[in-house]
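Input: a single structure, listed below in structure tokens.
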Amino acid sequence: MAARCKWNSEEVIAKSAQQAKLFPDYGPQIEARTGPEVLNSVVTGSAKLRDTQLQNTDSRGDKCATTESQTNRLKATAAFLSTRRKAIAKRYPGDAAIKKAFGISDHLNNTSVASVTSAFKRFITAAEADPAQARAAMVTEEDVARMKQHLADINQNEGSQEGMKTTSKLSTAERNAIQCDLEEAMVKIVTAATLVFEDQPEVVALFKSTLPATKRSAKKPTPEGDAE
């Protein structure tokens, strides 16, 4: 199950950096309660979360560019098929059976992978079943071979797109784990500060101000667990 964080990631990055700035003055007293690893978790976790956030932004840009490129290729591929379909329709204007076999009347959505691949398969099947009919419409074996290659390319591109989706999910899981660990360390620091500096309320207030105020939106809310 993916880790569920409490706060908005941008605010966690900002607040954890704010908390780390207090360590030079108050870190030694806090460390006596928490151990050095908790302070280190805040410092390193803040940097890691910031880096993964930047990487995620870059990844979204890459995916948008990839999707646009794939859509353009799909349109070009559909145009190649559409030209050959028109050739069949012109050669056999009154032959409903042949036009049906080649899928001439079927709607072709040039931005839909399912629509384009289905149309390609139907045309290829008909052309291979009766090559003479296709040749009579000036659709050659080379055209059919190119259609098969286009179909293979579409399937390969779809596989690449699914791979990017999987990578994105893994990156999100990793980012959430880093953030949840960072949030836990931040709360521990504030809890320790309320004990160590109980006679210095102004210092306690400084540390409490380093916990984010905006809760992360989620379908299933989690316990707040804010330090007092």
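A few remarks follow.
- Qualifying residue in the range 36-57 (condition: at pLDDT 90 or above, more than 17 Å from A193 (Cβ to Cβ) and touching a helix residue (DSSP H, G or I) at 6+ places or on another chain (Cβ under 8 Å)): yes
- When every residue of the range 122-130 is checked against the conditions, none turns out to be aromatic (F, W, Y), touching a Lys or Arg at 6+ places or on another chain (Cβ under 8 Å), assigned to a loop (DSSP other than H, G, I, E, B) and without any contact (Cβ under 8 Å) to a residue 60 or more places away in the chain.
- Hey, L151 at pLDDT below 80, aliphatic (A, V, I, L, M) and either over 30 Å from K21 (Cα atoms) or surrounded by fewer than 19 Cβ atoms within 10 Å (Cβ to Cβ) (or both) or not: no
- Residue count for the range 163-205 under the criterion of being modelled with pLDDT under 95 and among the small types (G, A, S): the result is 5.
- Scanning the range 14-33 turns up at least one residue that is closer than 15 Å to T210 by Cβ and not in a helix (DSSP H, G or I).
- When the range 88-137 is limited to residues that are small (G, A, S) and surrounded by 17 or more Cβ atoms within 10 Å (Cβ to Cβ), the one that is farthest from the chain's Cα centre (by Cα) turns out to be A137.
- Of all residues making up the range 64-95, the number that are in a helix (DSSP H, G or I) and either modelled with pLDDT of 95 or more or under 15 Å from A119 (Cα atoms) (or both): 18
- All of (1) crowded, with 19+ Cβ neighbours inside 10 Å; (2) under 14 Å from K15 (Cα atoms); (3) modelled with pLDDT under 95; (4) not hydrophobic (A, V, I, L, M, F, W, C) hold for T214 with one exception: (1).
- Boolean, L22 is buried (at least 17 other Cβ atoms within 10 Å of the Cβ), over 30 Å from V144 (Cβ atoms) and modelled with pLDDT of 95 or more: yes
- E228 meets all of the listed conditions (1) among the acidic types (D, E); (2) modelled with pLDDT under 95; (3) under 33 Å from the mean Cα position of the chain (by Cα) but one, namely (3).
- Here T44 meets each of (1) of a type outside the set (G, A, S); (2) in contact (Cβ under 8 Å) with a residue 12 or more places away in the chain; (3) farther than 13 Å from I189 by Cβ; (4) surrounded by fewer than 19 Cβ atoms within 10 Å (Cβ to Cβ) with one exception, condition (2).
The values are calculated or read from the model by the stated rules, or taken from the named source; none is laboratory data. Quantities reported herein were computed from a predicted structural model and do not represent experimental measurements. So basically every Cβ, Gly included, is an ideal-geometry build from the backbone, and we count neighbours across all protein chains shown.
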